[in-house]
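Next up is a structure, given as structure tokens.
The values are calculated or read from the model by the stated rules, or taken from the named source; none is laboratory data. Note that the structure is a prediction, hence the values are computed from the model and not measured. In this analysis, Cβ positions are derived from the backbone assuming ideal geometry, glycine residues included, and neighbour counts consider all displayed protein chains. With ligands, DNA and RNA removed, areas are computed over all heavy atoms of the protein, side chains included. Shrake-Rupley method; radii C 1.70, N 1.55, O 1.52, S 1.80 Å.
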Amino acid sequence: MSSHRALAVSAAAVAVLGLAAPAAVARDGMNFNPSNIVALPSVIARGGQLTITVDGCPGGATATSDAFPSTQLMTVAGSNTARGTATVNRDARNGTHPITVTCGGKSLTNPAAFTVIGGVQGGFGGGSSTGATPTDVAIGGGLVAAAVLAGGAFWLRRRSEKRI
């Protein structure tokens with residue numbers, strides 16, 4: 001009887017381990033299904049660093065975009081998440097950009113993952129130009145001329161008051 005009991009316990013243990021093995025293999029890297037691409041910060045200036053995170057890529061991944069070179073994403077320890085850092089090109093155009101992540105032969109694209117912003121285009125000439133523009137010089141010269149005229153008029157008026 002004891003040998004039958006040992007055989008039954010062994011068979012049950014092998015059955016339990018046999019059923020659990022495929023789930024363990026799928027959890028440890030065989031199930032690639034990229035999802036939820038997140039880029040932080042979501043608004044970034046040219047030349048800035050972008051952190052890219054994607055779920056469902058336990059073996060790492062590759063992220064590509066028209067705003068930065070191909071970037072390797074490494075697996076975060078103990079998870080199905082991959083993460084990496086990309087540097088946005090200095091000549092990237094303003095506006096939204098997509099990110100495509102490829103892992104395990106599967107691809108996923110977030111069409112508006114992040115937004116690139118450039119120099120401020122406010123007022124006359126904007127803040128993104130280097131040096132003074134002709135418009136800046138004309139405005140500055142006009143203000144200086146107005147100050148000289150106002151100062152001269154004030155000085156002449158004060159001088160005439162002293163004569164009386």
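Only residues in region 119-147 that are of a type in the set (A, V, I, L, M) count as the first member; pair them with residues that are modelled with pLDDT of 85 or more and part of a helix (DSSP H, G or I), Cβ under 9 angstrom, at least 6 apart or cross-chain, and list the lot.
Here the result reads ALA132/GLY140, each pair linking region 119-147 to a residue that is modelled with pLDDT of 85 or more and part of a helix (DSSP H, G or I).
Something else: Quick one: which of ALA39, ALA24 is open to solvent by less than 40 Å² (accessible area, probe 1.4 Å), at pLDDT 90 or above and of a type outside the set (Phe, Trp, Tyr)?
ALA39
Here is a further query. In region 54-107, which residues are acidic (Asp, Glu) and either open to solvent by 70 Å² or more (accessible area, probe 1.4 Å) or part of a loop (DSSP other than H, G, I, E, B) (or both)?
Passing the criteria: ASP66, ASP91.
May I ask you to list pairs of residues, at least six apart or on different chains, whose Cβ atoms are under 7 Å apart, with the first in region 58-72 being within 22 Å of ARG46 (Cβ to Cβ) and touching a residue at least 40 places away in the same chain (Cβ under 8 Å) and the second being surrounded by 12 or more Cβ atoms within 10 Å (Cβ to Cβ) and of a type in the set (Gly, Ala, Ser)?
Between residues of region 58-72 that are within 22 Å of ARG46 (Cβ to Cβ) and touching a residue at least 40 places away in the same chain (Cβ under 8 Å) and residues that are surrounded by 12 or more Cβ atoms within 10 Å (Cβ to Cβ) and of a type in the set (Gly, Ala, Ser), the close pairs are ALA67/ALA92.
Quick check, is PRO111 open to solvent by 40 Å² or more (accessible area, probe 1.4 Å), at pLDDT 95 or above and not in a loop (DSSP other than H, G, I, E, B)?
Considered against the rule, which asks whether it is open to solvent by 40 Å² or more (accessible area, probe 1.4 Å), at pLDDT 95 or above and not in a loop (DSSP other than H, G, I, E, B), PRO111 comes out as no.
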